[in-house]
Amino acid sequence: MEILFDAAILNGTILITLLSFVLILALPRRLGFSITMLAVLCNSLSTSWIAIHALIYQPLEFTIRFGNFAGEVLLKIDGLAAWFILIINFTILTGFFYGLGYLKSYALSGSKFSLHRIMFLFFHLSMLFVCMIQNGFAFLVVWEIMSLSSMMLVLFEHENPGTFKAALNYFVQMHIGITFLTLGFIWVYHQTGSFSFEAINTYFLSNQNLWLFLLFFTGFGIKAGFIPFHSWLPHAHPAAPAHISGIMSGVIVKLGIYGILRMVTFLKSDFLLLGEIVITLSIFSGIYGILNASIHRDFKRMLAYCTIENIGIIGIGIGIGLMGIGNNSPMMYYLGFGGALLHVLNHSLFKSLLFYSAGSVYQQCHTKNMENLGGLIKSMPKTAVIFLIGGVAISGLPPFNGFVSEFIIYKGLIEGVHSASISQIILFVLSLAGLSLVGGLSVLTFTKAFGTIFLGQPRTKLTHKPAEVSLLMLVPQYLIITVMVSVAFFPQVYMIFIGNILSLMNPLRSAPDILTGIAKTTSLVSLYSLLLTGIIVVVWMLRSLVLKNRSARIGATWGCGYIAPNSRQQYTAKSFSKPLGKIFNTVLIENKQFEELNHGEIFPAKKSYISHYQDFFEHFLIKPITDRLVFSANYFSFVQNGRIQSYVLYGIVFILAMVFLTIFNIVV
Amino acid sequence: MLSLLLIFMAALFFTGIIVRTKSLASGRKGPGILQPIWDVFRLFRKGAVYSETTSFIFQLAPTVYFSSVLMAMLVVPFGRSHGILSFNGDFIFFAYVLALGKFFSIIAALDTGSSFEGMGASRESLYSMFAEPAFFILMGSLALLSGHTSFQEIFSSLHIGSQISYAMAALATFVLLMISMIEGSRMPIDDPKTHLELTMIHEVMILDNSGFDLGLILTAGYLKFAIYGALIVNLFIGVIPFQYAIPSFFAIQFLMAVAIGLIESFMARFRMSHNPQFIVVLTSVSLLIFFGVLLILQKFI
């Protein structure tokens with residue numbers, strides 16, 4: 001009975017989405033907003049209800065009809081799916097309401113909105129179903145809907161050629177990803193004769209696990225943004241409107257992680273080797289991502305690279321978990337996957353928060369280049385504080401939530417240090433160093449970003465005077481901060497759910513005492529974060545008390561003897577990270593264009609200096625390949641000659657070929 | 001609790017001893033040992049000047065910086081006695097809490113809008129970032145050696161006995177000492193006594209701080225030195241009874257202060273562009289310790 005009801009709800013969400021699709025098109029444009037809001041609310045609340053149900057009680061399973069080809073498709077909401085569904089719904093809701101405020105400045109271009117709204121609904125629904133579907137064929141279809149609808153969302157400012165290029169890049173890369181996934185599912189189908197996820201399970205039971213898993217890992221890794229499959233992120237995220245970048249970075253990327261975790265649940269062997277591969281790749285993703293984040297001056301691109309770093313951190317957790325299964329160590333299993341799942345939640349919170357506040361800055365200042373900003377804390381104090389909280393949290397510093405999940409992952413690494421084999425010990429100690437380097441670099445990255453955007457003096461005169469954004473944009477961000485604080489100070493609540501998810505994922509490894517141990521440590525950590533906050537408050541109060549009757553003068557910044565400083569002389573973001581860029585110049589390739597001063601040039605003319613950083617992998621790996629592809633494709637350009645006659649001819653040749661091939665029994 | 005008291009006491013004298021050593025080495029008499037503390041008290045009684053460019057961040061940052069050092073101090077043990085807080089993985093907490101303080105001191109420097117302070121902030125963030133892996137590899141190897149994951153358990157079960165372990169303790173001392181030089185902005189990395197803002201790191205970041213806030217920053221700096229000194233002491237005292245451990249704590253802290261004073265008297269600061277190389281060398285020293293641990297545990301076949 002219960003199950004029937006839930007299935008009805010799910011069918012209802014599809015119905016609602018399709019209905020609002022028609023309604024948005026048919027009804028006057030001014031009603032579109034209310035319809036979208038209703039549909040988003042209905043879909044997210046109903047699916048959240050099911051997900052909470054599944055998370056607390058037991059996994060739900062039911063079938064729905066999925067077209068003629070796939071027939072009856074199994075939907076399953078287990079803990080893993082429920083966890084991701086809840087994250088998706090929360091981010092979608094905050095993103096939707098933030099987006100209402102954000103898109104107000106585009107009010108003149110009304111015709112875009114209908115498409116944007118429809119795509120938003122499809123995007124939301126497809127993400128939800130990606131988490132539930134247990135059938136390869138249906139999964140690919142929904143996955144494709146998700147990629148396409150998100151591409152349309154990125155394309156919001158389509159009149160901008162840069163946006164168009166970024167969306168195209170995203171489109172192509174997503175299809176390379178889906179090719180890998182399709183190959184994986186076809187491989188399983190070929191071996192077992194079924195597209196259902198159960199078949200992957202049986203495949204893994206009787207065959208080698210390594211290669212198929214790596215195939216899926218590559219496919220999902222492109223979505224998640226592991227290096228060297230990351231290059232769509234720094235293009236697509238800056239191009240999309242802020243609420244979409246927040247959702248993309250907060251959740252879409254996580255669905256890649258979901259896919260990897262789903263495949264992990266089917267794995268039967270090769271855990272150690274896969275764990276080592278995943279950890280190594282993740283460490284490099286983390287360091288590479290944050291290195292690039294630290295040098296870029298486009299703050300949305302900086303955040304996009306930072307996503308790659310966090311995917312690396314999540315990946316380290318997954319790797320630790322895999323090695324925990326391989327080593328038969330429940331402790332590592334829970335710490336690794338637990339840390340990864342908690343970090344998935346944390347990152348979806350603070351990354352969407354950062355993208356929203358960065359979007360607020362963009363809305364007010366109309367530039368994404370932090371070099372043109374400065375001193376915004378005076379005109380946008382609330383946004384500044386929000387960005388600061390996001391920055392401290394994402395750097396993994398106490399007392400915020402980022403520290404809790406990073407701490408759990410660190411604990412997993414240290415647990416791994418105690419393992420028996422020397423290769424693992426070395427891997428774990430080096431990972432420890434790598435993760436700490438990532439932590440140090442993210443402090444550099446976010447002090448730079450916050451300092452240049454919000455502190456000091458305005459570096460350029462902006463045409464519009466920036467002001468604090470509307471309450472509609474601020475409230476969703478406050479909501480996110482509330483949840484972040486709840487994770488930071490009550491992580492044990494979340495860890496209990498994660499523990500349940502993990503023990504159901506792999507029932508053999510159910511170890512209640514270890515779970516309570518981990519929950520205890522995390523609650524200790526949160527307690528000490530609370531203590532830290534307490535100490536800060538006490539010291540602050542003491543300071544206020546002491547300074548109550550003291551004189552405080554206001555003067556100019558000490559200019560070291562120079563009395564006519566101007567705001568362009570402030571330290572720039574570029575110079576802040578220049579020493580780092582120089583040290584890592586093998587990976588961080590800087591392209592400079594400038595003319596040197598000629599010898600004897602007494603009256604120099606105006607000169608320009610342009611410098612920008614290039615993505616190492618895009619430059620050395622992807623570009624050569626695409627260049628060669630384009631080069632060889634040129635030889636076939638005669639096929640596409642623009643004459644309708646020849647296109648008709650191609651059709652006829654194809655039909656004839658099919659006819660003859662069937663007649664001669666070559667194609668069955 | 002004991003460690004907290006001892007660190008406070010050591011912090012009282014530490015900087016004074018450094019200054020005195022430098023004075024004696026350059027043939028001057030020098031101020032009294034407690035002069036730095038009197039300076040701080042004087043600052044605490046003063047009013048303040050704030051730059052018109054700054055925001056509340058600038059006033060909040062010294063408080064956060066000081067609190068983070070206090071919090072880090074709570075997890076440092078002393079021999080057999082726990083720190084006030086002690087839990088598995090507390091050294092991660094230690095490093096990250098200190099990083100929080102650094103985060104705020106860096107943004108406070110950027111808040112003034114001064115190009116010099118921005119430069120100091122850039123250097124500070126770069127150097128402290130490079131020092132992190134050295135600390136984590138060191139602690140990871142010690143965790144591997146002792147089989148534990150909290151400061152107190154690691155230090156109390158270090159078995160100093162074989163020749164390799166002496167070598168390792170020496171190397172670990174070197175690493176911790178150098179990290180404390182980086183954190184405390186002392187000589188080979190940074191020159192606190194230079195008169196030119198271009199060549200400073202930490203000093204230039206706090207150019208605009210005055211009064212109570214400057215007092216907090218200076219106190220935090222003194223405490224930081226004593227904290228790292230306490231960590232070094234912990235490498236050696238293990239489970240020695242307190243009547244020997246406490247005098248040796250002060251002896252080692254004294255030696256460390258004198259050593260820093262001597263280094264500052266007879267060495268010049270490294271070129272700024274050589275600093276990162278030097279700090280990365282620390283990581284490789286930590287790796288040496290790690291291989292030493294692998295040798296001791298006979299993981300190499």
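The values are calculated or read from the model by the stated rules, or taken from the named source; none is laboratory data. Treat the numbers as computed from the prediction; the structure is a model and nothing was measured. As a convention, Cβ positions derive from the backbone with ideal geometry for all residues, glycine included, and neighbour counts pool all protein chains shown.
Worth a mention:
Matching residues to (1) charged (D, E, K, R); (2) surrounded by fewer than 24 Cβ atoms within 10 Å (Cβ to Cβ):
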| site | (1), (2) |
| --- | --- |
| A:Gly391 | no, no |
| A:Val404 | no, no |
| A:Leu413 | no, no |
| A:His418 | no, yes |
| A:Ile453 | no, no |
| A:Lys461 | yes, yes |
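- Whether a residue is among the hydroxyl-bearing types (Ser, Thr, Tyr), in contact (Cβ under 8 Å) with a residue 12 or more places away in the chain and either within 14 Å of chain B (Cβ to nearest Cβ) or not in a loop (DSSP other than H, G, I, E, B) (or both) was assessed, and A:Ser526 passes this test.
- Identity of the residue in segment B:247-301, within 14 Å of chain A (Cβ to nearest Cβ), in a helix (DSSP H, G or I) and β-branched (Val, Ile, Thr), that ends up farthest from B:Ser23 (Cα to Cα): B:Ile296
- One residue from B:Glu117, B:Glu132 being crowded, with 24+ Cβ neighbours inside 10 Å and within 14 Å of A:Phe576 (Cα to Cα): B:Glu117
- Residue match in segment A:591-598 (condition: within 30 Å of A:Gly440 (Cβ to Cβ), touching a residue at least 24 places away in the same chain (Cβ under 8 Å) and not assigned by TED's automatic domain parsing to the domain that holds A:Phe226): no
- Counting only residues that are assigned to a helix (DSSP H, G or I) and either assigned by TED's automatic domain parsing to the domain that holds A:Phe96 or crowded, with 23+ Cβ neighbours inside 10 Å (or both), segment A:366-375 holds 1 of them.
- Within segment A:416-429, the set of residues being touching a residue at least 12 places away in the same chain (Cβ under 8 Å) and within 8 Å of another protein chain (Cβ to nearest Cβ) comprises A:Val417, A:Phe428, A:Val429.
- Flag for A:Leu502 being in a helix (DSSP H, G or I), surrounded by fewer than 17 Cβ atoms within 10 Å (Cβ to Cβ) and touching a residue at least 24 places away in the same chain (Cβ under 8 Å): no
- Conditions (1) in a loop (DSSP other than H, G, I, E, B); (2) surrounded by 20 or more Cβ atoms within 10 Å (Cβ to Cβ); (3) not polar (S, T, N, Q); number of the one not met by A:Ile247: (1)
- If the condition is being in contact (Cβ under 8 Å) with a residue 12 or more places away in the chain, hydroxyl-bearing (Ser, Thr, Tyr) and part of a helix (DSSP H, G or I), then segment A:158-196 contributes A:Thr163, A:Tyr170, A:Thr179, A:Thr182, A:Tyr189.
- Residue within segment B:123-141 that is more than 7 Å from chain A (Cβ to nearest Cβ), touching a Ser or Thr at 6+ places or on another chain (Cβ under 8 Å) and closer than 17 Å to B:Asn209 by Cβ present: yes
- The residues of segment A:415-445 that are within 19 Å of A:Ile287 (Cα to Cα) and among the β-branched types (Val, Ile, Thr), listed by number, are A:Ile426, A:Val429, A:Val438, A:Val443, A:Thr445.
- Segment B:28-85, residues that are at the interface with chain A (Cβ under 8 Å from one of its Cβ atoms) and among the basic types (Lys, Arg): B:Lys46
- Residue in segment B:115-124 that is part of a helix (DSSP H, G or I), in contact (Cβ under 8 Å) with a residue 60 or more places away in the chain and among the acidic types (Asp, Glu) present: yes
- Boolean, A:Ile408 is touching a Leu at 6+ places or on another chain (Cβ under 9 Å) and either free of Cβ contacts under 8 Å to residues at least 40 places away in the same chain or more than 14 Å from chain B (Cβ to nearest Cβ) (or both): no
- Unique match (being outside any helix (DSSP H, G or I) and more than 8 Å from every other protein chain (Cβ to nearest Cβ)) among B:Asp208, B:Asp190: B:Asp190
- Of the residues making up segment B:88-120, those that are within 25 Å of B:Thr53 (Cβ to Cβ) and within 7 Å of another protein chain (Cβ to nearest Cβ) number 14.
- Residue-level analysis places A:Arg553 outside the set of residues that are in contact (Cβ under 8 Å) with a residue 12 or more places away in the chain and closer than 28 Å to B:Ser115 by Cα.
- Selection count, segment A:506-520, where residues are in a helix (DSSP H, G or I) and either touching a Pro at 6+ places or on another chain (Cβ under 6 Å) or crowded, with 19+ Cβ neighbours inside 10 Å (or both): 5
- Residues (closer than 20 Å to B:Met272 by Cα, within 8 Å of chain B (Cβ to nearest Cβ) and part of a helix (DSSP H, G or I)) located in segment A:543-577: A:Ser575, A:Phe576, A:Ser577
- All positions within segment B:81-119 that are at pLDDT 90 or above, more than 21 Å from B:Ile201 (Cβ to Cβ) and of a type in the set (Ser, Thr, Tyr): B:Tyr96
- The listed residue being more than 17 Å from A:His116 (Cα to Cα) and out of contact with any helix residue (DSSP H, G or I) (no Cβ under 6 Å at 6 or more places or on another chain), out of A:Ile9, A:Ile14: A:Ile14
- Scanning segment B:211-242 for residues that are in contact (Cβ under 8 Å) with a residue 40 or more places away in the chain, of a type outside the set (Gly, Ala, Ser) and not in a helix (DSSP H, G or I) yields B:Val239, B:Ile240.
Residues checked against (1) part of a helix (DSSP H, G or I); (2) free of Cβ contacts under 8 Å to residues at least 24 places away in the same chain:
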position	(1), (2)
B:Arg28	no, yes
B:Ile37	yes, no
B:Thr53	no, no
B:Phe66	yes, no
B:Ala72	yes, no
